[in-house]
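The values are calculated or read from the model by the stated rules, or taken from the named source; none is laboratory data. All values derive from a computational prediction rather than experimental measurement. FYI the Cβ positions are ideal-geometry reconstructions off the backbone, even for glycines, and counts take in every protein chain you see. In case anyone asks, the SASA skips ligands and DNA or RNA and just uses the protein heavy atoms, side chains included. Shrake-Rupley method; radii C 1.70, N 1.55, O 1.52, S 1.80 Å.
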Amino acid sequence: MSEDLSAVARFLYEAGTLKQTKRTGWWMAGVRDPESVAEHSWRTALLATIIATLEGADPARAAFLAVWHDSQETRTGDVNYLGKKYAPQADPCAVTDDQVTGMPEVLAAAVRGVVAEYEAKESPEAICARDADKLECLIQGVEYKAQGYENAQRWIDNSRGRLTTDTARELADAVLTTGSLDWLRAALGEEQP
């Protein structure tokens, strides 16, 4: 490859900042050290594959959309719902366009396309990825609530109410009736409570 990849290298360092960018809404729930945007995006991508597979959509495409869904937050930060009430929200497609400036056009076009597809909320994969985003928030809320953060219930309820696919709603119901450490008990062969 003879193209200059310095713009890609710069973006890779930029993307790494999401490992330290905290999800700010959890501070309002009293969580002292909330998950990072990168941590959220990883489980969102995993959930997108699950939801898409069960919904008959393309799981790889849904995961691809989920991986990129918050990539703009390297430049905007994680603006929670209350903050969006007072500050105009940056256009994710415009931010992405700036982020991919100078990259090989084949790569820039692919990234612009995946962000545009996610934001359009129309393809089955985008719908699954968006549900994965909400379901991940619900699961994180359950985990925080188990750690004693009772105010996380608001995020659990709001996330459950925003789910659109049957699979995501049914999975949310399963999550809500399963303990956050039931997986460990099952793996150890312990009797379930």
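Please enumerate the residues belonging to the range 74-93 that are in contact with a Ser or Thr (Cβ under 8 Å, 6 or more places away or on another chain) and open to solvent by less than 30 Å² (accessible area, probe 1.4 Å). Within the range 74-93, GLY77, ASP78, GLY83 qualify.
Among the candidates LEU138, LEU176, the residue that is loosely packed, with under 14 Cβ neighbours inside 10 Å, farther than 24 Å from PHE11 by Cα and not aromatic (Phe, Trp, Tyr) is uniquely LEU176. Quick one: is GLU117 under 16 Å from the mean Cα position of the chain (by Cα) and open to solvent by 30 Å² or more (accessible area, probe 1.4 Å)? For GLU117, the condition - under 16 Å from the mean Cα position of the chain (by Cα) and open to solvent by 30 Å² or more (accessible area, probe 1.4 Å) - is met.
Total residues in the range 94-109 satisfying the condition of being within 16 Å of GLN72 (Cβ to Cβ) and surrounded by fewer than 15 Cβ atoms within 10 Å (Cβ to Cβ): the figure is 3.
What pairs come out if I take residues in the range 113-137 that are part of a helix (DSSP H, G or I) and pair them with residues that are of a type in the set (Ser, Thr, Tyr) and open to solvent by 40 Å² or more (accessible area, probe 1.4 Å) whose C-beta lies under 7 Å away, six or more apart or interchain? Cβ pairs passing all conditions: ILE127/THR164; ASP131/THR164. Is it the case that GLU55 is of a type in the set (Asp, Glu) and in contact with a helix residue (DSSP H, G or I) (Cβ under 7 Å, 6 or more places away or on another chain)? So GLU55 fits the description; yes. The C-beta contact set for the range 33-44 (first residue closer than 17 Å to GLN72 by Cβ, second residue of a type in the set (Phe, Trp, Tyr) and surrounded by 17 or more Cβ atoms within 10 Å (Cβ to Cβ), distance under 9 angstrom, 6+ apart or interchain) comprises SER41/TRP68. Among the residues of the range 13-68, the one identified as surrounded by fewer than 15 Cβ atoms within 10 Å (Cβ to Cβ), in a helix (DSSP H, G or I) and of a type in the set (Asp, Glu) is GLU14. Restricting the first member to the range 66-91 and to residues that are within 20 Å of ALA116 (Cβ to Cβ) and free of Cβ contacts under 8 Å to residues at least 40 places away in the same chain, and the second to residues that are assigned to a helix (DSSP H, G or I) and of a type in the set (S, T, N, Q), the beta-carbon pairs closer than 6 Å and six or more apart or on different chains are ALA90/THR76. Taken over the range 141-170, the criterion of being assigned to a loop (DSSP other than H, G, I, E, B) and either open to solvent by less than 50 Å² (accessible area, probe 1.4 Å) or farther than 14 Å from ALA129 by Cα (or both) is satisfied by GLN147, GLY148, TYR149, LEU163, THR165.
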